[in-house]
Amino acid sequence: MKMNKLIIPFLFISNILFSQNNSIPHLGKSGTATQLIVNDKPFLILGGELHNSSTSTADYMRPIWEQLKKKNLNTAVAPVYWELVEPLEGVFDFSLVDSMITGVRQQNMKLVILWFGTWKNGYSTYVPGWVKHNTDKYPLAKDKNGKSLLQLSAFGEETMKADAHAFKALMKHIRDFDEKEQTVIMAQIENEVGLFYTARDYTGDKLYKSEVPSDLLNYLKNNKIQPEIEKAWKANGSKTGGRWEEVFGKSDTNTVDWKNLTYLTEELFTVYYYAHYIGAVAAAGKSEYPIPMYVNAWIKQPGLSYPGRYPSGGPVPHTLDVWRVAAPSIDMIAPDIYIPDAISVIETYRRPGNSVFVPEIRQDRNAAFEAMYAFGEQDILGISSFGIDDMTPEQAPIRPAYAALSKVKDAILKYRGTGKMIGLLLDSLHPTRQFDLGSYKITADIGRSAVDFSLIFVGIPSKEPKTDLAAGIIINIGPDEFILVGKDFHLSLKQSTANSALPLLDVEFMEEGSFINGEWKATRRLNGDESFGSMGGDAGFGFKSDPTIATVVFPPSDKFNVLRFKIVKYK
Ligand code: DGJ
């Protein structure tokens, strides 16, 4: 192939740039899944978010870093406050940030920083005093009647510049201090942004009555649009020009029909300008140090499911396309989950081009089980329990799940996006799940054992505790070999296609262990009393009523088990 002399040096330079970019934390692809790459290797975030004020002094945090490690976290998620890094305009103090990075490094963990800049939960509580004192320069948002709201306006150009200036300085400092070690792996821009009690900020009323910006119109014209926005756009004639209500329809914030998103136009308008602002802040930071950056959402809650009840302008999933257009420097929109069903929330955020990181989830037993499922089935980049410094390591409900996940994270990272991994979540309403994995049809049933073995063998009632929740991950790592992580369920495996040469099945071996640097290391070979798998009890494997089914049951343990097993086919 002939190469133009001018092109060779260009390719060379661009390769260098590419490899330099690759060496800092970034997002990459693996099969159908997205990976977070840190220190040039895929990384799974087993995180916990510190309380809002915990990182406001180095002294307060000193004993806490070690506690996080004891909870089996590999990542701390922690605020950095604009008011403390820039107490006087243009005068920066990053000593707290350095103490956070150092504290995390000493525990061999990573750090996701939360930039508490212009907004924290909609309000502007963390802006420096010199911003709070100057509402002429840094204006507040206004309601329909012109009354000032308790938050800074996203239309405040000077506010945006000041926030972007501070965040840029922060990211430059982090690059200088941390690029080599890569302790800081991601940054969240602001926190749960949006307006309360109003769908839009009337400071921008003129803009609302003007043409939709051309970048959004061009996007609608040239891309596959997400269904919620496409529906409104098509219903109004797929216009490629016009004002907001001409393009997306009349906004009705009184009817509050959240199923039909009757308020969508005002919400999209608000999102556009929040995203534009936040995108500018992120871009300023990325111009210094382009690690992955995301925004987190106060999600729709039952009974509070329209904009203004949840913060209007925040990154809810039906507005993802607008974030893409107005904030291309934002890599992900991410849900904070305090409602009971985390799995469906993750599913609504898991859209083409949006991988899910859960920066905040409630701390309870269910969340630990849901985390297990989400890592196995929903390819999440990570999860983080909120208020992780609240409890002792012994009390933290996520700790046992993280203990097991730490042992198999290498396998999860290797097999995500390949179709060889299944996440399981069973409860009393859904006690069974059937699926195909490798060359097997597998049934997972809640409960530890398939049969009450103790009755069969010694005639006393089973002491097996009744369970209402079970979760786990199953990975098919070889033709007949599996990694099994989890708690309180058992598996029955059948061959998917009839095999007259080798019709019978059993567990050939089962081990408990973990992956160390990508290699499986067994801590015990299980058989006898621990193997419960086939017929159970002290009979080990190889004794069962239906030899065409192999049964795998966890050995008695209250922990999340980590096992590797292989099936033997025989006649
Ligand atoms: C969600 C916010 O993002 C957190 O900072 C915190 O305020 C929790 N809510 C509530 O504790």
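Check off (1) closer than 21 Å to Leu405 by Cβ; (2) under 22 Å from the mean Cα position of the chain (by Cα) for Gln67 and give me the number that stays unchecked.
Every listed condition holds for Gln67 apart from (2).
Evaluate the following for Asp468: is it modelled with pLDDT under 90 and under 27 Å from Asp427 (Cβ atoms)?
In short, no.
Residues that are over 21 Å from Trp520 (Cβ atoms), assigned to a loop (DSSP other than H, G, I, E, B) and within 16 Å of the ligand (Cβ to nearest atom): does the range 377-388 have at least one?
Yes: the range 377-388 contains one or more residues that are over 21 Å from Trp520 (Cβ atoms), assigned to a loop (DSSP other than H, G, I, E, B) and within 16 Å of the ligand (Cβ to nearest atom).
Could you go through the range 181-197 and let me know if any residue there is away from the ligand (no atom under 16 Å from the Cβ), modelled with pLDDT under 95 and farther than 23 Å from Tyr81 by Cβ.
Yes; the residues of the range 181-197 include at least one that is away from the ligand (no atom under 16 Å from the Cβ), modelled with pLDDT under 95 and farther than 23 Å from Tyr81 by Cβ.
Using the structure shown, decide if Ser500 is modelled with pLDDT under 95, of a type outside the set (Val, Ile, Thr) and not in a strand (DSSP E or B).
Details: modelled with pLDDT under 95: no; of a type outside the set (Val, Ile, Thr): yes; not in a strand (DSSP E or B): yes.
In short, no.
Answer yes or no as to whether Lys224 is modelled with pLDDT of 95 or more, in a loop (DSSP other than H, G, I, E, B) and surrounded by fewer than 23 Cβ atoms within 10 Å (Cβ to Cβ).
yes
May I ask you to verify whether Thr102 is away from the ligand (no atom under 16 Å from the Cβ), of a type in the set (S, T, N, Q) and open to solvent by less than 10 Å² (accessible area, probe 1.4 Å)?
For Thr102, the condition - away from the ligand (no atom under 16 Å from the Cβ), of a type in the set (S, T, N, Q) and open to solvent by less than 10 Å² (accessible area, probe 1.4 Å) - is not met.
Answer yes or no: is there a residue in the range 289-306 that is more than 30 Å from Arg362 (Cα to Cα), outside any loop (DSSP other than H, G, I, E, B) and at pLDDT 95 or above.
No, the range 289-306 contains no residue that is more than 30 Å from Arg362 (Cα to Cα), outside any loop (DSSP other than H, G, I, E, B) and at pLDDT 95 or above.
Being away from the ligand (no atom under 16 Å from the Cβ) and either part of a strand (DSSP E or B) or under 20 Å from Val356 (Cβ atoms) (or both) is the filter here; which residues of the range 313-328 pass it?
Once the filter is applied, which keeps residues that are away from the ligand (no atom under 16 Å from the Cβ) and either part of a strand (DSSP E or B) or under 20 Å from Val356 (Cβ atoms) (or both), the range 313-328 yields Pro317, His318, Thr319, Leu320, Asp321, Val322, Trp323, Arg324, Ala327, Pro328.
Say whether the condition of being out of contact with any helix residue (DSSP H, G or I) (no Cβ under 9 Å at 6 or more places or on another chain) and open to solvent by less than 60 Å² (accessible area, probe 1.4 Å) is met by at least one residue in the range 284-292.
Yes, because at least one residue in the range 284-292 is out of contact with any helix residue (DSSP H, G or I) (no Cβ under 9 Å at 6 or more places or on another chain) and open to solvent by less than 60 Å² (accessible area, probe 1.4 Å).
Might you let me know whether the range 397-407 holds any residue that is part of a strand (DSSP E or B), in contact (Cβ under 8 Å) with a residue 60 or more places away in the chain, of a type outside the set (S, T, N, Q) and open to solvent by 40 Å² or more (accessible area, probe 1.4 Å)?
No.
I need every pair where a residue in the range 108-125 that is within 17 Å of Asn74 (Cβ to Cβ) has its Cβ under 6 Å from the Cβ of a residue that is away from the ligand (no atom under 14 Å from the Cβ) and open to solvent by 10 Å² or more (accessible area, probe 1.4 Å), sequence separation at least 6 or different chains.
Once the first residue is within 17 Å of Asn74 (Cβ to Cβ) and sits in the range 108-125, its partners that are away from the ligand (no atom under 14 Å from the Cβ) and open to solvent by 10 Å² or more (accessible area, probe 1.4 Å) give Met109/Asn74.
Results for (1) open to solvent by 10 Å² or more (accessible area, probe 1.4 Å); (2) in contact with a strand residue (DSSP E or B) (Cβ under 9 Å, 6 or more places away or on another chain); (3) assigned to a loop (DSSP other than H, G, I, E, B), shown as yes or no for each residue.
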site: Ser251; (1), (2), (3): yes, no, yes
site: Leu268; (1), (2), (3): no, no, no
site: Tyr277; (1), (2), (3): no, yes, no
site: Ala280; (1), (2), (3): yes, no, no
site: Ile330; (1), (2), (3): yes, yes, yes
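Looking only at residues that are within 16 Å of the ligand (Cβ to nearest atom) and within 23 Å of Pro42 (Cα to Cα) in the range 70-80, which one is farthest from the chain's Cα centre (by Cα)?
Step by step, filter the range 70-80, then rank; the result is Ala78.
Does the range 297-305 include one or more residues that are more than 16 Å from the ligand (Cβ to nearest atom), within 18 Å of Ile278 (Cα to Cα) and either open to solvent by less than 10 Å² (accessible area, probe 1.4 Å) or small (Gly, Ala, Ser) (or both)?
No, the range 297-305 contains no residue that is more than 16 Å from the ligand (Cβ to nearest atom), within 18 Å of Ile278 (Cα to Cα) and either open to solvent by less than 10 Å² (accessible area, probe 1.4 Å) or small (Gly, Ala, Ser) (or both).
If you scan the range 503-517, which residues turn out to be of a type outside the set (Ser, Thr, Tyr) and either in a strand (DSSP E or B) or crowded, with 19+ Cβ neighbours inside 10 Å (or both)?
Once the filter is applied, which keeps residues that are of a type outside the set (Ser, Thr, Tyr) and either in a strand (DSSP E or B) or crowded, with 19+ Cβ neighbours inside 10 Å (or both), the range 503-517 yields Leu504, Leu505, Asp506, Val507, Glu508, Phe509, Met510, Glu511, Glu512, Gly513, Phe515, Ile516.
Name, by its number, the condition in (1) over 24 Å from Ile278 (Cβ atoms); (2) surrounded by 14 or more Cβ atoms within 10 Å (Cβ to Cβ); (3) of a type outside the set (Phe, Trp, Tyr) that does not hold for Ser238.
(2)
Could you run through the range 213-249 and say how many residues are closer than 19 Å to Gly314 by Cα and touching a strand residue (DSSP E or B) at 6+ places or on another chain (Cβ under 8 Å)?
Within the range 213-249, residues that are closer than 19 Å to Gly314 by Cα and touching a strand residue (DSSP E or B) at 6+ places or on another chain (Cβ under 8 Å) number 1.
List the residue pairs whose Cβ atoms are under 7 Å apart, where the first residue sits in the range 43-55 and is open to solvent by 10 Å² or more (accessible area, probe 1.4 Å), the second is modelled with pLDDT of 95 or more and within 14 Å of the ligand (Cβ to nearest atom), and the two are 6 or more positions apart or on different chains.
Every condition considered, the pairs that remain are His51/Gly387; His51/Asp389; Asn52/Pro79.
Spot the failing condition for Val358; the list is (1) among the hydrophobic types (A, V, I, L, M, F, W, C); (2) surrounded by fewer than 24 Cβ atoms within 10 Å (Cβ to Cβ); (3) within 16 Å of the ligand (Cβ to nearest atom), and only one is missed.
(2)
Which one is most open to solvent (accessible area, probe 1.4 Å), of the residues in the range 126-155 that are within 16 Å of the ligand (Cβ to nearest atom) and farther than 20 Å from Phe92 by Cβ? If you could, list the steps in order and put the result at the bottom.
Residues of the range 126-155 within 16 Å of the ligand (Cβ to nearest atom): 126-127, 150-151.
Filter once more, so that each one left must be farther than 20 Å from Phe92 by Cβ: 150-151.
Numbers: Leu150: 136, Gln151: 3 Å².
My answer is Leu150.
Any idea how many residues of the range 227-239 are closer than 24 Å to Gly353 by Cα and either in contact with a Lys or Arg (Cβ under 8 Å, 6 or more places away or on another chain) or in a loop (DSSP other than H, G, I, E, B) (or both)?
Here the count works out to 2.
Please state which of the following conditions Leu36 fails to meet, knowing it meets all the rest: (1) assigned to a helix (DSSP H, G or I); (2) modelled with pLDDT of 95 or more; (3) among the aliphatic types (A, V, I, L, M).
(1)
Scan the range 536-546 and tell me whether some residue there is at pLDDT 80 or above and not small (Gly, Ala, Ser).
Yes, that holds for at least one residue.
Which of the residues belonging to the range 412-433 are open to solvent by less than 10 Å² (accessible area, probe 1.4 Å) and either within 16 Å of the ligand (Cβ to nearest atom) or more than 18 Å from the chain's Cα centre (by Cα) (or both)?
Matches in the range 412-433: Leu426 only.
The values are calculated or read from the model by the stated rules, or taken from the named source; none is laboratory data. Remember, it's a predicted structure, so these values are computed and weren't measured experimentally. Positions of Cβ are generated from backbone atoms using ideal geometry, with glycine treated the same way; all protein chains shown enter the neighbour counts. The area values use the complete protein model at the heavy-atom level, side chains included, leaving out ligands, DNA and RNA. Shrake-Rupley method; radii C 1.70, N 1.55, O 1.52, S 1.80 Å.
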